[in-house]
Amino acid sequence: MSHYDYKSQRLWVSQDISAQNAIPCDRAQANYLLNVLRMEQGDHMLIFNGRDGEWKCELHALGRKKAALVPIIQERAQPQARENDLHYLFAPLKSARIDYMAQKAVEMGVAKLRPVMTQHTQERRPKLDKMRLNIIEAAEQCGILSIPPVEEPVALSQLLDQWHQSDPNRLIIFCDETETNLDPLAILNTLRGEGNAVPPLAVLIGPEGGFSDQEREQLLAFDFVTAIPLGPRILRADTAAIASLAIIQAVLGDWV
């Protein structure tokens, strides 16, 4: 990332990308490029689709409502990087804050997001389509080449009961607001395996009201769950998301 182009506009596209293969913009993309950004015929920008790396391309304006993007031959700006493997499990929040949380989770390098319904969850019907749009926007702005998927909501008890069948080797790091005297760095370092290997991980953040005593007891009963504190203060759920992902990335993730 040391030579990354931070100045060019970036756009996610769903189509395959290859040299000189024109990619038609949909109506929203064309309006954004031509009328919001006021880009013109021949302007350059970067595009990515999560599969084919990042490409420099040229804008071909077809009036004020239509446009196409033509990747420039031998101008792939970045090859497709290996995807991160950190999953983010969270109790849905109210609309504006869940949008913020989704954006920050993408910036922090999560590979997958999944809403988890708990006893104190505020938002019982999270707007997944809106969340996906926020994820795309965050990836476009932050130089990320992949779009983390958002899975369907699942009840906490169902998630735990099915964990070994769905993802048997992945550990859950449970951010426990009731623990304030332990060292999260020391706890995370105990998760390293032979040869300092790091197992696949998921981080679990609860709702604003916290996990119930019953849920906390249920979580701690599973050997694939490890609890960590997030300091002496009670954090809002969206703040806890950033704090937890930062410490995990710094100790066991791609910041090391």
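The values are calculated or read from the model by the stated rules, or taken from the named source; none is laboratory data. Here the structure is a predicted model, which means the values were calculated and not measured. Don't worry about glycine lacking a Cβ; one is built from the backbone with ideal geometry, like all the others, and counts go over all protein chains shown.
Mind counting the residues in the range 38-53 that are out of contact with any Pro (no Cβ under 8 Å at 6 or more places or on another chain) and under 28 Å from VAL110 (Cβ atoms)? Residues meeting the conditions: 7.
Scanning the range 25-50 for residues that are closer than 19 Å to ILE73 by Cβ and either surrounded by 13 or more Cβ atoms within 10 Å (Cβ to Cβ) or of a type in the set (A, V, I, L, M) (or both) gives ASP43, HIS44, MET45, LEU46, ILE47, PHE48, ASN49. Of all the numbered requirements in (1) closer than 30 Å to ILE172 by Cα; (2) surrounded by fewer than 16 Cβ atoms within 10 Å (Cβ to Cβ); (3) touching a helix residue (DSSP H, G or I) at 6+ places or on another chain (Cβ under 7 Å), TYR88 misses one, and that requirement is (2).
Residue count for the range 87-126 satisfying the condition of being farther than 15 Å from SER146 by Cα, in contact with a His (Cβ under 9 Å, 6 or more places away or on another chain) and not in a loop (DSSP other than H, G, I, E, B): 1. Does PHE211 count as assigned by TED's automatic domain parsing to the domain that holds SER244 and surrounded by fewer than 19 Cβ atoms within 10 Å (Cβ to Cβ)? When the stated conditions are applied, PHE211 does not pass them. For ALA227, the requirement of being at pLDDT below 95, outside any loop (DSSP other than H, G, I, E, B) and either of a type outside the set (Ser, Thr, Tyr) or under 23 Å from LEU159 (Cβ atoms) (or both) is met. Taking the range 127-177 as the range and being assigned to a loop (DSSP other than H, G, I, E, B), over 19 Å from LEU93 (Cα atoms) and over 18 Å from the mean Cα position of the chain (by Cα) as the test, the residues that pass are GLN162, ASP167, PRO168, ASN169. Of the residues in the range 77-96, not one is outside the structural domain of ALA22 (by TED's automatic domain parsing), under 30 Å from PRO126 (Cβ atoms), touching a residue at least 60 places away in the same chain (Cβ under 8 Å) and basic (Lys, Arg).
For every residue, the table says whether it meets (1) within 16 Å of GLN249 (Cβ to Cβ); (2) touching a residue at least 24 places away in the same chain (Cβ under 8 Å); (3) among the polar types (S, T, N, Q); (4) assigned by TED's automatic domain parsing to the domain that holds ALA19.
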| site | (1), (2), (3), (4) |
| --- | --- |
| ILE98 | no, yes, no, no |
| VAL110 | yes, yes, no, no |
| GLN119 | no, yes, yes, no |
| LYS130 | no, yes, no, no |
| ILE136 | no, yes, no, no |
| PRO148 | yes, yes, no, no |
| LEU156 | no, yes, no, no |
| LEU160 | no, yes, no, no |
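Counting the residues of the range 16-35 that are among the polar types (S, T, N, Q) and touching a Leu at 6+ places or on another chain (Cβ under 9 Å) gives 1.
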